[in-house]
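Take a look at the structure set out below.
The values are calculated or read from the model by the stated rules, or taken from the named source; none is laboratory data. Everything numeric here is computed off the predicted structure, so don't read it as measured data. Every residue, glycine as well, gets a Cβ built from its backbone with ideal geometry; the counts of neighbours run over all protein chains shown.
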């Protein structure tokens, strides 16, 4: 029987594809010229872009059983593991604030929530649950979070709007964001990574934890791949069914969105798992694997560089706008040039990842 791998190359590949997708959708040449699949859904519903962030939170969960098992095997006391969790969460949250405020840091208006901040809080919450429960308990906590969030959004009245209102301004999550973080949210009255919607996001990561434990329990086989494909398909169907009562909505991180996107993540991971771990076909995935081994560092660096290119001036234009207009749009037209600019970003950061990989430099966040 083949040994259970300590590091899943299929997971690295899936994480790399996810980060590449995140860089692609975050860096168009012009936000006025973006193909519809590369935009978020305006409100209810979903596009391929709406899968990317929950995929990453799911991956954070899949990694936990492998990471925690290695740390439990070391002679260090359990308190050291909690110290690691706290330290990592604070670093991620701090980096998120750093990017949100760069370069001026107006403390009275800085956005406090964000992508990295949500990763930090969700990682900490899911880690504590994982350390203190069995898989059945984790499933119970995730179900409680999803059903509880649905109940809160459907039954708790919002002043001036009532209960069960899921408009951008009338929902409970927006009300809490505006009450607790006035002036510190992405929109004037709410945030897509806000306070209340972080609860179901923890369930997204717990779904990854459950899958990670399932994968770690036995060596890779075609049967386990098939089980993952089936589980992913069932979750997708359940999420689409729940959509009829609690719409799929990335901004609200609705419970149906969690189930649907977790199912899609399981399905995609199963494909990578089957091809790489079971069939042994790895060469095609090497670029994605390299990307995935530097995922968070590349995400932070790409966000920082994108902000710097908006500050640098060339011929009275920000460097980004100048490159888009004089190179990409000039060669390929407005919308294809905008896409080409985003693809160029993906390739540049892939080059950075390969450079780090070849030098055995791994920046862990």
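Please list, ordered by first then second residue, the pairs with beta carbon atoms under 9 Å, 6 or more apart or interchain, first in the range 177-195 and on the phi > 0 side of the Ramachandran plot, second assigned to a loop (DSSP other than H, G, I, E, B) and at pLDDT below 95.
183/108; 183/109
Could you go through the range 192-202 and let me know if any residue there is touching a strand residue (DSSP E or B) at 6+ places or on another chain (Cβ under 6 Å), closer than 19 Å to residue 44 by Cα and buried (at least 18 other Cβ atoms within 10 Å of the Cβ).
Looking only at the range 192-202, we keep the residues that are touching a strand residue (DSSP E or B) at 6+ places or on another chain (Cβ under 6 Å), and these are none.
Looking through the range 192-202, none of the residues is touching a strand residue (DSSP E or B) at 6+ places or on another chain (Cβ under 6 Å), closer than 19 Å to residue 44 by Cα and buried (at least 18 other Cβ atoms within 10 Å of the Cβ).
Could you check the range 103-114 and list, in sequence order, the residues that are surrounded by fewer than 19 Cβ atoms within 10 Å (Cβ to Cβ) and modelled with pLDDT of 95 or more? Quick ask: steps written out before the conclusion?
Our first condition is that a residue be surrounded by fewer than 19 Cβ atoms within 10 Å (Cβ to Cβ); within the range 103-114, this holds for 103-110.
Result: 110, single match.
With part of a loop (DSSP other than H, G, I, E, B), farther than 22 Å from residue 114 by Cα and modelled with pLDDT under 95 as the only criterion, which of 69, 76, 80 stands out? Break it down stepwise before answering.
Numbers: 69 fails: part of a loop (DSSP other than H, G, I, E, B); 80 fails: part of a loop (DSSP other than H, G, I, E, B).
After applying the criteria, what remains is 76.
Output the residues belonging to the range 183-194 that are more than 19 Å from residue 50 (Cα to Cα) and touching a helix residue (DSSP H, G or I) at 6+ places or on another chain (Cβ under 7 Å).
Here is the first cut: in the range 183-194, the residues more than 19 Å from residue 50 (Cα to Cα) are 183-185, 188-189.
Passing the criteria: 185, 189.
Which is over 24 Å from residue 269 (Cβ atoms) and not in a loop (DSSP other than H, G, I, E, B), of 342, 353, 297?
342
For the structure I just gave you, tell me whether residue 148 is surrounded by 12 or more Cβ atoms within 10 Å (Cβ to Cβ) and over 27 Å from residue 256 (Cα atoms). Let's see the steps before the verdict.
On the way: surrounded by 12 or more Cβ atoms within 10 Å (Cβ to Cβ): yes; over 27 Å from residue 256 (Cα atoms): no.
Considered against the rule, which asks whether it is surrounded by 12 or more Cβ atoms within 10 Å (Cβ to Cβ) and over 27 Å from residue 256 (Cα atoms), residue 148 comes out as no.
Please work out which residue is nearest to residue 305 (Cα to Cα), limiting yourself to the range 1-41 and to residues that are at pLDDT below 95 and surrounded by fewer than 17 Cβ atoms within 10 Å (Cβ to Cβ).
Selected residue: 7.
Condition first: out of contact with any helix residue (DSSP H, G or I) (no Cβ under 6 Å at 6 or more places or on another chain) and within 18 Å of residue 115 (Cβ to Cβ). Now tell me which residues in the range 303-322 satisfy that.
304, 305, 306, 307
For the list (1) without any contact (Cβ under 8 Å) to a residue 40 or more places away in the chain; (2) assigned to a helix (DSSP H, G or I); (3) more than 27 Å from residue 120 (Cα to Cα), I need the number of the one condition that residue 235 fails.
(3)
Give the residues of the range 262-283 that are without any contact (Cβ under 8 Å) to a residue 24 or more places away in the chain and in contact with a helix residue (DSSP H, G or I) (Cβ under 8 Å, 6 or more places away or on another chain), sorted by residue number.
The answer is 281, and nothing else.
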